[in-house]
Amino acid sequence: MRPEVHRIQKDSLPTLEGSIPHIKRTFIRPPGFLERPEMLGSYGLYLPEEVDGAIEKSNLVSPGGKTLLRGLREMGGVALFGTGEEYDLGLNYGALYKTKVDEKIVPVLEELAASMQGVADKRGYSVHAVLAPETSGVAQAKVFSSFLKGTECHPVKKNRDFSPIKVALDSYTKGKTDILSLATEMLASLQAEGKTNIVLSDDIIDAGFMSQTVTLLLQLAQEQGYDVHLVGIVAPIEKTYTGAREHIQETLGDIPVISALQIEDIGLLNDTQAWIKVFGIPKAIPCNLADFRIKS
């Protein structure tokens with residue numbers, strides 16, 4: 001049975017010029033950054049030589065999650081981002097799959113596709129297509145879709161004024177507002193082929209605003225006569241400290257939310273190093289720190 005997704009009340013949202021629904025995204029800081037740096041003391045911190053053993057030992061982190069965590073330590077970690085004097089702390093995973101999927105991440109995406117397929121089979125519905133926001137990068141979504149039988153990956157277009165089906169969404173990493181839209185030609189093609197069930201494949205489940213945006217886009221498509229429905233939300237990484245999963249399910253209803261690695265907290269050690277606390281691993285893990293702030 002296809003999950004029931006709640007309708008979003010458009011009249012409760014602000015609008016940009018042209019009455020485009022505008023979702024104002026807010027950044028939720030991790031507990032370990034600035035406000036409560038003592039969180040690290042409550043977790044404890046692994047020594048670098050202890051980390052590999054701790055990752056391998058965990059029976060609560062999936063094989064894909066372990067691969068992602070090792071990849072974050074090798075090729076990413078934590079990053080400062082923002083504009084001018086205003087900055088926040090986030091995750092640096094771009095080299096793993098944002099614009100190009102590193103070969104070690106391919107099995108992670110296969111694991112996520114198997115999980116989504118398992119949920120769909122259990123609930124008795126098929127997945128017909130994958131939507132991937134251009135703002136998030138579509139490389140990982142294309143690989144994910146290749147493992148999800150019978151689906152193709154379609155982009156949620158960014159800043160292309162060609163469709164009546166569009167929603168504005170704030171970008172807190174770049175300090176601007178993006179217009180996201182669905183191509184009517186793509187929707188018509190799906191309709192003609194009887195493909196109605198859509199999965200959102202995002203780069204990260206952050207605070208739930210992208211899920212809300214895509215749900216609203218599909219709702220606008222339904223109002224234009226297209227029979228399309230969101231049946232799952234999938235991303236390699238999920239921030240649990242933002243309450244994203246709870247926000248999604250409170251706002252959108254009983255919809256599957258699937259991730260391989262759940263991040264409980266992040267914080268700073270010094271000018272070059274940070275730490276990550278992962279669900280299923282008792283202590284925080286040291287990692288590299290990058291500075292992606294935009295100088296004003």
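If you go through segment 128-181 and keep only what is part of a loop (DSSP other than H, G, I, E, B) and either under 30 Å from residue 292 (Cα atoms) or among the hydroxyl-bearing types (Ser, Thr, Tyr) (or both), you end up with 137, 138, 151, 159, 160, 161, 163, 172, 173, 174, 175.
Would you check which residues across segment 182-201 are among the acidic types (Asp, Glu) and in a helix (DSSP H, G or I) and list them? Once the filter is applied, which keeps residues that are among the acidic types (Asp, Glu) and in a helix (DSSP H, G or I), segment 182-201 yields only 185.
Cβ-Cβ under 9 Å, sequence separation 6+ or interchain: first residue in segment 246-270 and more than 18 Å from residue 72 (Cα to Cα), partner among the acidic types (Asp, Glu) and buried (at least 19 other Cβ atoms within 10 Å of the Cβ). Which pairs? The qualifying pairs are 257/238; 258/238. Take the conditions open to solvent by 10 Å² or more (accessible area, probe 1.4 Å), farther than 24 Å from residue 114 by Cα and not charged (D, E, K, R) and apply them to residue 209. Does it pass? Here the answer is yes, as residue 209 does meet what is asked. Selection within segment 257-290: residues that are of a type in the set (D, E, K, R) and open to solvent by 20 Å² or more (accessible area, probe 1.4 Å). The member of this set that is nearest to the chain's Cα centre (by Cα) is 264.
Conditions tested, residue by residue: (1) touching a residue at least 40 places away in the same chain (Cβ under 8 Å); (2) crowded, with 18+ Cβ neighbours inside 10 Å; (3) part of a helix (DSSP H, G or I).
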{"position": "66", "(1), (2), (3)": "no, yes, yes"}
{"position": "71", "(1), (2), (3)": "no, yes, yes"}
{"position": "74", "(1), (2), (3)": "no, no, yes"}
{"position": "81", "(1), (2), (3)": "yes, yes, no"}
{"position": "90", "(1), (2), (3)": "yes, yes, no"}
{"position": "100", "(1), (2), (3)": "no, no, no"}
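The values are calculated or read from the model by the stated rules, or taken from the named source; none is laboratory data. If you're wondering where the values come from, they're calculated on a predicted model, not measured in any experiment. Cβ: placed from backbone, ideal geometry, glycine included. Neighbour counts: every protein chain shown. Note: accessible area is taken over every heavy atom of the protein model, side chains too, but ligands, DNA and RNA are not part of it. Shrake-Rupley method; radii C 1.70, N 1.55, O 1.52, S 1.80 Å.
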